[in-house]
Amino acid sequence: MKKFSKGFFTLAAAALTLLATNVASTACNWFLYQPEEPESLREE
């Protein structure tokens, strides 16, 4: 049973690390997107 739980936790840690990396990279892509500012809001 101990061998099973060690393998399970190793697999879970690897899967969660990949998930966290994917979520972080997607969030970075969203924050790099800068839409154009409407002319009515521009300070000239």
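Nothing in this text is a laboratory measurement; each read-out follows from the coordinates by a stated rule. Nothing here was measured: the structure is a model prediction, and the numbers come from that model. No Cβ is skipped: glycine too gets one built from the backbone with ideal geometry, and neighbour counts run over all protein chains shown.
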Q.
Testing the spin-label approximation: label points 7 Å from Cα along Cα→Cβ at Glu36 and Phe9. State their distance in nm.
A. 5.5
Q | Protection proxy ranking, peptides 35-42, 2-9, average beta carbon neighbours within 10 Å, highest first | A | 2-9, 35-42
